[in-house]
Amino acid sequence: GSEESMRAAEWAALAAVRHHAPLRIVSAPPLPPLALAPPALAWELREASARALAEAVGWAAEVAPHLLIETSLVEGPTPQAVAASGSGALMLVVGARGGGGFLSMSLGSISRYVAAHAPCPAVVARMDTSAVLREVVVGVRDPQEAAPMLEIAFEEAALRRAELVVVHSLHWSGAGLTAAVGVDAES
């Protein structure tokens, strides 16, 4: 129900229109610890998620009025349930985080988990949907396995008439670096 989540719904709606695809908006109510939570709390959390879904549909329909939109409440721990909801999807879009200020500059636990574990391409929507996107950025971990990601990134850049930026980084440890160049680590 955060503004970041609503912006993600808008972003996903516009992407669905670009791809001529329907939109499915999901919410995963947080699971309270069973030993501590009264039964009414679980019901309240489901109701709050249902209200958030209705609000997200409103935001999405505002930018894509003729788009087919369905909703689902998904069960389980929130990060895993949201990631699993992407099974069979063209892409999975999440908001960056619900907080504001400095905290909004970092990924939240759900968006971080989804980005790492989604069964389809994942997008972390971080900006207003009216912003003009001039770059599509794709991160490549293993160049040997990059072809599917690059194909999607090229398609997105072409759809948006945007520049494609490919990012790859290496993590070097001191021991790995000295072994790679043949230096004796004790010298």
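What the table below lists for this structure:
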item	result
Failed condition for residue 177, given (1) open to solvent by 60 Å² or more (accessible area, probe 1.4 Å); (2) within 20 Å of residue 14 (Cα to Cα); (3) at pLDDT below 80	(2)
Residues being assigned to a helix (DSSP H, G or I) and open to solvent by 20 Å² or more (accessible area, probe 1.4 Å) - total across the stretch 1-24	8
Helices (runs of 4 or more DSSP H) (entirely within the stretch 35-126) containing at least 3 residues that are open to solvent by 70 Å² or more (accessible area, probe 1.4 Å) and modelled with pLDDT of 90 or more	39-63
Any hit, the stretch 153-169, residues being open to solvent by 70 Å² or more (accessible area, probe 1.4 Å), at pLDDT below 80 and farther than 25 Å from residue 5 by Cβ	yes
Selected residue (criterion: farthest from residue 162 (Cα to Cα)) from residues of the stretch 130-141 that are modelled with pLDDT of 80 or more and open to solvent by 60 Å² or more (accessible area, probe 1.4 Å)	141
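The values are calculated or read from the model by the stated rules, or taken from the named source; none is laboratory data. These numbers were taken from a predicted model, which means no experiment stands behind them. Cβ: placed from backbone, ideal geometry, glycine included. Neighbour counts: every protein chain shown. Surface areas here come from the heavy atoms of the whole protein model, side chains and all, with no ligands, DNA or RNA. Shrake-Rupley method; radii C 1.70, N 1.55, O 1.52, S 1.80 Å.
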